[in-house]
1. Quick check on this structure: which one of Arg340, Arg290 is at pLDDT below 95 and basic (Lys, Arg)?
2. Pairs under 8 Å by beta carbon, first residue open to solvent by 100 Å² or more (accessible area, probe 1.4 Å) in region 61-74, partner small (Gly, Ala, Ser), six or more apart or different chains?
3. Please identify the pairs in which a residue from region 169-189 that is farther than 17 Å from Phe358 by Cβ has its Cβ atom under 7 Å from the Cβ atom of a residue that is assigned to a loop (DSSP other than H, G, I, E, B) and not polar (S, T, N, Q), counting only partners at least 6 apart or on another chain.
4. With (1) polar (S, T, N, Q); (2) assigned to a loop (DSSP other than H, G, I, E, B); (3) crowded, with 17+ Cβ neighbours inside 10 Å as the list, and Ser349 as the residue in question, which single condition is left unmet?
5. Show the residue pairs meeting these rules: Cβ distance below 9 Å; 6+ apart or different chains; first residue within region 191-206 and on the phi < 0 side of the Ramachandran plot; second residue open to solvent by 40 Å² or more (accessible area, probe 1.4 Å) and part of a strand (DSSP E or B).
6. Taking Phe225 as the residue in question, decide whether it is without any contact (Cβ under 8 Å) to a residue 60 or more places away in the chain, surrounded by fewer than 22 Cβ atoms within 10 Å (Cβ to Cβ) and not polar (S, T, N, Q).
7. Please state which one of Thr289, Thr278 is out of contact with any helix residue (DSSP H, G or I) (no Cβ under 6 Å at 6 or more places or on another chain) and among the β-branched types (Val, Ile, Thr).
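The values are calculated or read from the model by the stated rules, or taken from the named source; none is laboratory data. Just so we're clear, the structure is a prediction, and the values are computed from it rather than from any experiment. Positions of Cβ are generated from backbone atoms using ideal geometry, with glycine treated the same way; all protein chains shown enter the neighbour counts. In case anyone asks, the SASA skips ligands and DNA or RNA and just uses the protein heavy atoms, side chains included. Shrake-Rupley method; radii C 1.70, N 1.55, O 1.52, S 1.80 Å.
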Amino acid sequence: MLQHTKTTRKGTGIIKMIEHKEHFHGSDLEKIEKIYGISKENIINFAANVNPLGESAKLKDALYKRIDAITQYPDREYTSLRKAIAKYCQCDYNDLVVGNGCTELISLFIQVTSPKQTLIIEPTYSEYERDLKLNGSKVCYFDLEENNDFRINTDDLLKNITPETDLIIICNPNNPTAGIIFPDELRTILAHCKNTNTYVMIDETYIEFSTNVNEISAISLCHEFDNLIVLRGTSKFFATPGLRLGYAVTGNDPIKNKINTNKNPWMINSLAVVAGETMFADNEYIEKTRNLILSERNRLNNKLSQSGRYKVYPSHSNFLLLKILDESVPSSYLFDKAIRRNLMIRDCSTFEGFGERFIRICIMNISDNDKLLSCLHTAIRIETHDRRST
């Protein structure tokens, strides 16, 4: 069991102690296999937030045809890859830095900026905190409020960003709440941070599952604000977590140059370059993914909301955050019921601010989604019946 303390900064400046418990991450299939005796190949993973279509057919074909790429070193500047990404993101390829996954770029940015004090909006992805503490940063927290559906209150947030705040990290759309901060609000935050000399790191890992991606992405703000860096990866949307390909966009040349100086040469292998050049141009796969996620997100939202068993929070990603309305049913109970049907959901009890009644489910294909709907409906109905019978 992991334990640590946090200082939470809200409008009231409350300080509190938090205990983090061991939990199952979406990648912990081997651990699940050992504990539950379920073959990991048979688990339908609703906890990993990966595109249910799998990798693109064009990607498979390109890797097969260009396997000889591994006999050569990749271009140290990754020019062709950066140009492919720039076309996809509608930005200047000179503003792009590529790396071995988004996680590595997060680490590099924190290393080169060396923030003494960082503000994180919680609940969110836990690895930010790990990298910050490894680099000696004091970490403060701004809590999203359940009574506001975990939407950000920009005015309250700005009160907590001071000249002592060297960095603020924003996951947008946020994991695990699936909420989003739109460009007008981001512009207000960035302008305030410019005045306080605060860097802003925005993790857009899930933004490609949103509608009107290029309109709501912060990438278009990178030249307007040189205190901004935007990061993305290919693990979730392009279903390639094993590829380890990520990229960052910033209009800040000194920061970009520092990252390039501090990173190892040939961070991305030759096959990942081939994959990137292929994936970002596969418009048919991109549209098919967005159509599936949007359609199924709406369907699942309606089904679960109408069941009367769950509150479904607004989602701009490929997953839904649910609150169990029956106060006697904990999230651990649903996790156990689901995994015994080979369905792995995310028990959110280890996320700060959630308690024992929140789960997160990602959107899979239609038939798998139907299996999960059946499980989530019957599990609570059976639990309620059993309790009333005693």
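1. Being at pLDDT below 95 and basic (Lys, Arg) holds for just one of Arg340, Arg290, which is Arg340.
2. Once the first residue is open to solvent by 100 Å² or more (accessible area, probe 1.4 Å) and sits in region 61-74, its partners that are small (Gly, Ala, Ser) give Ile70/Ser270; Gln72/Ser270; Tyr73/Ser270.
3. Cβ pairs passing all conditions: Ile170/Ile181; Asn172/Ile180; Asn172/Ile181; Asn172/Glu204; Ile180/Pro173; Ile180/His316; Ile181/Ile152.
4. Here Ser349 clears every test but (2).
5. Cys193/Tyr199
6. yes
7. Thr289
One line per residue, one yes/no per condition, for (1) under 30 Å from Ser295 (Cβ atoms); (2) in contact with a Gly (Cβ under 9 Å, 6 or more places away or on another chain):
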residue: Thr154; (1), (2): no, no
residue: Lys159; (1), (2): no, yes
residue: Gly179; (1), (2): yes, no
residue: Asp184; (1), (2): yes, no
residue: Leu231; (1), (2): yes, yes
residue: Lys236; (1), (2): yes, no
residue: Pro241; (1), (2): yes, yes
residue: Asn257; (1), (2): no, no
